[in-house]
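Okay, so here's the structure we're looking at.
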Amino acid sequence: MSILIKNGRVVTASESYIADVYVEGEKIVAIGKDLNYNADKVVDAANKLVFPGGIDPHVHLDMPFMGTYSSDDYETGTRAALHGGTTMVIDFILQTQGDSLHNALKTWQQKSKGKAIGDYSYHMAVTDFNDNVAKEVVQMIEEEGISSFKTFMAYKGALMIDDGQMVQLMKVVKKHGGLVTVHATNGDMIDSLIAKNRAEGNLSPLYHYLSQPEVTEAEASGRFVDMLHYTDCPGYIVHMTCEGALNAVRKATQRNQKVFVETCTQYLMLDASLYEKDFEGAKWVMSPPLREKKDQFALWSGINQGLVQVVGTDHCPFEWEQKKMGKDDFSKIPNGHPAIEHRMELLFSEGVHKGKISLTKYVEVASTNAAKIFGMYPRKGTIAIGSDADIVIFDPNKEHTISVKTHHMNCDYSAYEGQKVIGKTETVILRGQVAIENEECKLQAGFGQFIPRGKTSKTVI
Ligand code: DUC
Ligand code: ZN
Ligand code: ZN
Ligand code: ZN
């Protein structure tokens, strides 16, 4: 199969120019003006943008959590991602405390095998660290192509490791060229605030928000960054929401420390006033919670300052019946929301269209930086000769409205119902095959491949 994309504006993390792109097999073979190839398929991309397929490095598909499972599996989740221009996701394997990383890996291989439509990889969440796990960490990096290790500083008793385990893990990961990533919130502080609110009969979704104030995230982010400094390990903070946490990273940069930061679409665009809608606020119950306008401003600025390198989603959808598990107690509402499909379009509309970020910055934070940080560049994350032909052809002027009636995620509500978006994904190509065209997914379950990843360097960006 060969595809010739004509006259589009090719955008990478560093430049934007009008050119043709020629794809043969799985790869980009030529880029230039007036390319003359006899292709099986020609796509007219005049007045359109042509950029690398989005990479969402933070999704939870078919994940056991809070007594239920996130409602998108590998098939529905990666299909919805493709509809929105995201060609690759990185999901989280959760080690069961007391069990091995390899057993957890097997469980997640079963979830994705024959089901994924888009490409994927895994982060390994280390929820219990000891000498055996240390050996497995090395095997993950050297043998399994899994080089990033997720840690939780919250969710005690299920996912959290303590600071001693954290430092030990960092030492091993640093020695073998991996990356430690973190959910950085102070679990003990949050647990005590939850207990206090429940004891006082404060049970609505608003109290989910009030139980996780900014200081719980700022403190944990600062502590994580200090442990990275002590161990000289490369690190990455997931789903950063607030100014206080960003300031902890800013302080680290002042001692010439490099820490990677991810925020998510919702923290740039939605705010905590949504929790004032009584139980409807459960739609946005996620951890950390939505914050304030001043935090949105800090995060957009952080992107332009280069402090925030990646925008993901923390896609972790639950249907309304599942959310209702917490009807009488906010602490039982499964944490997470549906977002995988809308990241690229929302970020374009709110970021590029509204003039907050440039087109090249957009490609950087939506695709290229994740490929670099997580050891997949230049196979993924760019439009270049020899790279995988993961390409989005995007109409920057087309308007549409987000709704549960038209989204492809397996979730019976939208977190963005009625929101107008400028800019639309038109055609999506994944490893040289048309994935999305005329709003239809052309690929079958099982097309998606596991992408093994290389080691991480602190100086990658
Ligand atoms: N936060 C969520 O909202 N969902 C899944 C896990 C997490 O940390
Ligand atoms: Zn859309
Ligand atoms: Zn998290
Ligand atoms: Zn998450």
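Structural remarks
- Complete set of residues in the range 195-224 that are in contact with a Gly (Cβ under 9 Å, 6 or more places away or on another chain) and either closer than 19 Å to PRO334 by Cβ or crowded, with 23+ Cβ neighbours inside 10 Å (or both): LEU203, SER204, PRO205, LEU206, HIS208, TYR209, THR216, GLU217, ALA220, SER221, PHE224
- Test for MET140: is it among the aliphatic types (A, V, I, L, M), open to solvent by less than 10 Å² (accessible area, probe 1.4 Å) and on the phi < 0 side of the Ramachandran plot: yes
- Scanning the range 173-194 for residues that are farther than 14 Å from SER287 by Cα and either in contact with a Lys or Arg (Cβ under 9 Å, 6 or more places away or on another chain) or within 14 Å of ligand 3 (Cβ to nearest atom) (or both), we see that the one that is most open to solvent (accessible area, probe 1.4 Å) is ASP188.
- Some residue of the range 90-102 being more than 24 Å from VAL285 (Cα to Cα) and among the hydrophobic types (A, V, I, L, M, F, W, C): yes
- Subset of the range 143-168 (residues that are within 16 Å of ligand 1 (Cβ to nearest atom), touching a residue at least 40 places away in the same chain (Cβ under 8 Å) and among the aliphatic types (A, V, I, L, M)): MET153, ALA154, ALA158, LEU159
- Among the residues of this structure, ALA248 does not count as one that is surrounded by fewer than 20 Cβ atoms within 10 Å (Cβ to Cβ) and either over 30 Å from ASP328 (Cβ atoms) or of a type outside the set (D, E, K, R) (or both).
- Some residue of the range 318-336 being surrounded by fewer than 20 Cβ atoms within 10 Å (Cβ to Cβ) and within 27 Å of PHE447 (Cα to Cα): yes
- Considering residues of the range 420-433 that are surrounded by fewer than 18 Cβ atoms within 10 Å (Cβ to Cβ) and not charged (D, E, K, R) only, the residue farthest from ligand 2 (Cβ to nearest atom): GLN433
- Just one of the listed residues (VAL392, VAL434, VAL421) is away from ligand 4 (no atom under 16 Å from the Cβ), under 18 Å from VAL89 (Cβ atoms), of a type in the set (A, V, I, L, M) and in a strand (DSSP E or B), namely VAL392.
- Residue match in the range 261-270 (condition: open to solvent by 20 Å² or more (accessible area, probe 1.4 Å) and part of a helix (DSSP H, G or I)): yes
Residue-wise test of (1) more than 16 Å from ligand 1 (Cβ to nearest atom); (2) within 20 Å of LEU193 (Cβ to Cβ); (3) in contact with a Pro (Cβ under 7 Å, 6 or more places away or on another chain).
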| residue | (1), (2), (3) |
| --- | --- |
| GLU280 | yes, no, no |
| GLU292 | yes, yes, no |
| SER301 | yes, no, no |
| HIS315 | no, no, yes |
| LYS327 | yes, no, no |
| PRO338 | no, no, yes |
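- Unique match (being away from ligand 1 (no atom under 16 Å from the Cβ) and either in contact with a Phe, Trp or Tyr (Cβ under 9 Å, 6 or more places away or on another chain) or at negative phi (or both)) among LEU274, LEU203: LEU203
- The strands (runs of 3 or more DSSP E) located wholly in the range 16-96 that include 2 or more residues which are touching a residue at least 40 places away in the same chain (Cβ under 8 Å) and crowded, with 24+ Cβ neighbours inside 10 Å occupy 16-24, 49-52, 54-59, 86-94.
- Scanning the range 391-409 turns up no residue that is open to solvent by 10 Å² or more (accessible area, probe 1.4 Å) and more than 16 Å from ligand 2 (Cβ to nearest atom).
- Only listed residue being within 30 Å of SER192 (Cβ to Cβ), open to solvent by 20 Å² or more (accessible area, probe 1.4 Å), modelled with pLDDT of 95 or more and part of a helix (DSSP H, G or I), chosen from GLN165, GLN110: GLN165
The values are calculated or read from the model by the stated rules, or taken from the named source; none is laboratory data. Computed from a predicted structure; not experimentally measured. Note that each Cβ is placed from the backbone with ideal geometry, even for glycine, and that neighbours are counted across all protein chains shown. The protein model used for the area step is the full one, side chains on, heavy atoms only, and it has no ligands, DNA or RNA in it. Shrake-Rupley method; radii C 1.70, N 1.55, O 1.52, S 1.80 Å.
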